[in-house]
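The structure appears below as structure tokens.
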Amino acid sequence: PEPAILIDVNDLSAFYGESHVLHGVSLTIRAGEVVTLLGRNGAGKTTTLKSIMGIVRQRQGSIKINGLETVGLPSNRIARLGVAFCPEERGIFSSLSVEENLLLPPIIQPGGLGLDDLFTLFPNIRERLSTRQGTRLSGGEQQMLAIARVLRTGARILMLDEPTEGLAPVIVEQIGEAILALKARGFTIVLVEQNFHFASGLADRNYVMEDGVIVEMVAREEVREKAGLLQEYLGV
Ligand code: ATP
């Protein structure tokens, strides 16, 4: 049998004030999958993640997480369902040390990774632990710290918004390896990406967004045959 559906989004609309940004998004994320949201700037990828997380509060339609309807719930309730969101801007605090940044979020449920596991996954973080300002880290290290921080909390569904943006190829590769290691440990990962080659190399399935709707779903086995179509959508 197929793994259980953890996130089930149906006919989702989302708004910023008067501005209607998502127009009926439907998607499913199954336990243990790596799923990407691809699409051009402004397609609605970030808004989809923020809607699932409850950060965008103005939404209509249905977002079930583990079977529970979450439209209407605040983001702190949604976080307690084991869902975490790493924003594009990473959210590392300059007033806190690397260690303080790492230890900041409360543990929400059992099953989080301990420090030894986190350091195995992201060796750079151990070396930089005593750095006084979190923002002194390189962009790649800040990204790793942002991911490590939520892994401690016990979240089992990770939503990562453009984790590789602006990073050197060698760091992108390390983040890709970490994502695959997390998948191997049973985490479920939703990835917003501009870097199509990086994303499609990791993903079980790829959703393509355009103008606030999903226009295509491409499974791993179809990426090669649909490469031309994907390039058209993504403008790469
Ligand atoms: P990007 O890669 O640029 O983040 P995206 O696919 O993630 O693109 P979104 O950030 O979800 O796209 O944006 C979707 C639409 O919503 C865009 O037209 C954007 O201008 C608009 N938008 C995003 N955030 C806000 C906001 N806070 N207020 C008003 N409009 C917004």
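Bear in mind that the values in this text are calculations on the coordinates, not laboratory data. It should be emphasised that the depicted structure is a prediction, and the values quoted were computed from it without experimental measurement. All Cβ positions, even for glycine, are placed from backbone atoms using ideal geometry, and neighbour counts span all protein chains on display.
Listed by chain and number, the lysines whose C-alpha is less than 18 Å from the C-alpha of K50, apart from same-chain residues fewer than 8 away, are K64. Rg and Dmax over the alpha-carbon atoms of the chain stand at 17.2, 49 Å. Extent of segment 166-236 along its three principal axes (Cα atoms, max minus min coordinate, largest first): 30, 27, 25 Å.
Just add up the charged neighbours of A219: K/R +1, D/E -1, any other residue whose Cβ is under 15 Å from the Cβ of A219.
Details: positive: R30, R205, R220, R224, K226; negative: E2, E33, D204, E216, E221, E222, E225.
Summing Lys/Arg as +1 and Asp/Glu as -1 gives -2.
Within the same chain, aspartates and glutamates fewer than 8 places from K45 are excluded, and of the rest, those with a Cα less than 14 Å from its Cα are E88, D161, E162, E193, E210, D211, E216.
If you take every residue apart from A31 with its C-beta less than 14 Å away from the C-beta of A31, what net charge results, scoring Lys and Arg +1 and Asp and Glu -1? The answer is +2. Note on the chain: helix-only mean residue ellipticity at 222 nm, from DSSP H runs of 4+ residues weighted -39500 (n - 2.57) and normalised by residue number, equals -9000 deg cm²/dmol. Give the aspartates and glutamates whose C-alpha is closer than 13 Å to that of K183, dropping any in the same chain fewer than 8 places away, or say none. Reachable aspartates and glutamates: E33, D204.
Annotation: amide H of E210 within the under-5 Å range of V215, sequence separation 5 or more or interchain, hydrogens built in the peptide plane.
Please figure out what share of the DSSP beta bridges in the chain is antiparallel and state it in percent, rounded to the nearest 5. Walk me through the numbers on the way to the answer.
Details: 23 of 41 bridges.
Of those bridges, close to 55 percent are antiparallel.
The 3J(HN,Hα) values that the Karplus relation (6.51, -1.76, 1.60; θ = phi - 60°) gives for segment 33-41 are, in residue order, 7, 10, 10, 9, 10, 10, x, 5, 3 Hz. Gly and Pro appear as x.
Taking 0.36 nm per residue of separation and subtracting the Cα-Cα distance, full extension of the segment from E173 to D117 would add 18.3 nm. Computed about the Cα centre, the dipole magnitude for segment 54-108 is approximately 360 debye when only Lys and Arg (+1) and Asp and Glu (-1) carry charge, each at its Cβ.
Give, rounded to the nearest 20 debye, the magnitude of the charge dipole that the chain has about its Cα centre when Lys and Arg contribute +1 at Cβ and Asp and Glu contribute -1 at Cβ. Please report the intermediate quantities before stating the final value.
Details: 23 positive and 28 negative charges, 146 e Å.
Here the chain has a charge dipole of around 700 debye.
Here the Gaussian network model covers the chain, with springs between Cα atoms less than 10 Å apart; of D161, D116, D11, D116 fluctuates the most.
Over segment 2-125, what portion of Cα pair distances is larger than 26 Å, expressed as a whole percent? In whole percent, the long-distance tail amounts to 30.
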